[in-house]
Amino acid sequence: MRQFSACIEWLFAREGDDFADRIRLAHQAGLSAVEFWRWTNKDLDAIASVIEETGIAVSGIVAEPMIALTNPANKDAWLEGLEASASVAERLGAAVLIAQAGDDLPEFSRAEQREALISALSAGADILSGSGIRLGLEPLNTKIDHVGYFLSSTAEGLDIVDEVGRPEIGIVYDIYHSAVMGERTEDVVGERADRIVHVHVADHPGRNDPGTGGIDLLERLNWLFAHGYSGRVGLEYRPKTKDTEAVRAVVTSLSA
Ligand SMILES: O=C(O)C(=O)CO
C-alpha cells in the first residue's frame, strides 16, 4: 500500500496549534507519517513525545543550517550542521534528510558551484554512512517559488547524485517543482528512480491540494512506483481548506 506523509508546515496548521497538535491531527486523519522542514525552531521534546504517544512516523526533516552548498566556504559549517541534523533524525526515526543546493551565486562559475556541491555531498555521505539515513538534494522550480536557486533540473540533480556515487545521497523529487519547470517525469527520471529518496506532491497552479490544478499527479506517481520508487509520498501543499476530510480524499485519490 502506498504510504503518505503530511508536511505539517502547511497541513493541519490551524491557528493556535503547535506542531505536536498538528501531528496528533495527522494521526487522527489516518496518516502514518509526517514531515517538517527546520528542526532548530521546533520543540523536539514535544514532537518526540507525541510520536511516542501516537506511533506515527517522521519521514523526513531538513538538514540545517540551510546555507548554500554552492558556496565552497560553507562546507564545514554545513557538515557540522549535518551531524547535528542526523542526530535529530535518528532521535525522531526519520530516514530522510533534505538538502537544498542554495542559490546560483554570481561570484562563482556554474562549474565551481557544482564542484562545491559535490564535495559537500560526498563528505556528507561519510557522515551518514551506516546510519540508514539518506540525504536528498532537492531540485526546486525557479519560475515561481525559488527564483535564483541553483538546481531546477531533475536530470542535473540526478547527474550530481551519480557523480557523488554514494548510496546515502539521492534526490527529493517534488513533482510540483518538476512540472512547473515543464518536465515530464519519465523523461527526467528515466532509469534512475532508485536515486529518489522522497517524493513531494502539490498541484499547479497554486501549489494547492492535488486535484485542484492540472498536474497528472496520479499518473506520475504510478509511473514512479512502477519504475523502482518505493518511499513515501509527501503531501507538501497549501491546503485550500483546513478540513481533515479533504486530506483523506487526497490520499484516496493518489493511492494505487
Ligand atoms: O521550499 C520548497 O519549495 C520545498 O519544496 C521544500 O521542500
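The values are calculated or read from the model by the stated rules, or taken from the named source; none is laboratory data. The model shown is predicted, which means the values in this text are computed figures rather than measured ones. As a convention, Cβ positions derive from the backbone with ideal geometry for all residues, glycine included, and neighbour counts pool all protein chains shown. Keep in mind that these areas ignore ligands, DNA and RNA; they rest on the heavy atoms of the full protein, side chains included. Shrake-Rupley method; radii C 1.70, N 1.55, O 1.52, S 1.80 Å.
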Given the options 172, 147, name the one that is assigned to a loop (DSSP other than H, G, I, E, B), closer than 27 Å to residue 211 by Cα and of a type in the set (A, V, I, L, M, F, W, C).
147
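Matching residues to (1) under 16 Å from residue 3 (Cα atoms); (2) touching a helix residue (DSSP H, G or I) at 6+ places or on another chain (Cβ under 6 Å):
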site	(1), (2)
176	no, no
188	no, yes
194	no, no
199	yes, no
204	no, yes
216	no, no
225	yes, no
Quick check, is residue 135 open to solvent by less than 10 Å² (accessible area, probe 1.4 Å), in a strand (DSSP E or B), within 16 Å of the ligand (Cβ to nearest atom) and not β-branched (Val, Ile, Thr)?
yes
Can you find, within segment 30-47, the residue that is nearest to the ligand (Cβ to nearest atom) among those that are touching a residue at least 40 places away in the same chain (Cβ under 8 Å) and surrounded by 20 or more Cβ atoms within 10 Å (Cβ to Cβ)?
35
Only one of (1) touching a residue at least 60 places away in the same chain (Cβ under 8 Å); (2) under 30 Å from residue 108 (Cβ atoms); (3) away from the ligand (no atom under 16 Å from the Cβ) is not met by residue 244, so which one is it?
(2)
Check segment 120-132 and report whether any residue there is under 18 Å from the mean Cα position of the chain (by Cα), surrounded by fewer than 21 Cβ atoms within 10 Å (Cβ to Cβ) and not aliphatic (A, V, I, L, M).
yes
Does any residue of segment 83-101 turn out to be away from the ligand (no atom under 16 Å from the Cβ) and closer than 16 Å to residue 68 by Cα?
no
The residue from 212, 252 that alone is open to solvent by 30 Å² or more (accessible area, probe 1.4 Å), part of a helix (DSSP H, G or I) and among the β-branched types (Val, Ile, Thr) is 252
Is it the case that segment 99-117 has a residue that's modelled with pLDDT of 95 or more and farther than 20 Å from residue 73 by Cα?
no
Could you figure out which of (1) within 16 Å of the ligand (Cβ to nearest atom); (2) part of a helix (DSSP H, G or I); (3) open to solvent by less than 10 Å² (accessible area, probe 1.4 Å); (4) not β-branched (Val, Ile, Thr) isn't true of residue 224?
(1)
Out of all the residues in segment 106-129, which are outside any helix (DSSP H, G or I) and hydrophobic (A, V, I, L, M, F, W, C)?
108
Within segment 155-175, is even one residue open to solvent by 10 Å² or more (accessible area, probe 1.4 Å), within 16 Å of the ligand (Cβ to nearest atom) and not hydroxyl-bearing (Ser, Thr, Tyr)?
no
When every residue in segment 138-154 that is away from the ligand (no atom under 12 Å from the Cβ) and hydroxyl-bearing (Ser, Thr, Tyr) is compared, the one most open to solvent (accessible area, probe 1.4 Å) is 153
Tally up the residues in segment 18-29 that are over 25 Å from residue 136 (Cβ atoms) and open to solvent by 40 Å² or more (accessible area, probe 1.4 Å), please.
4
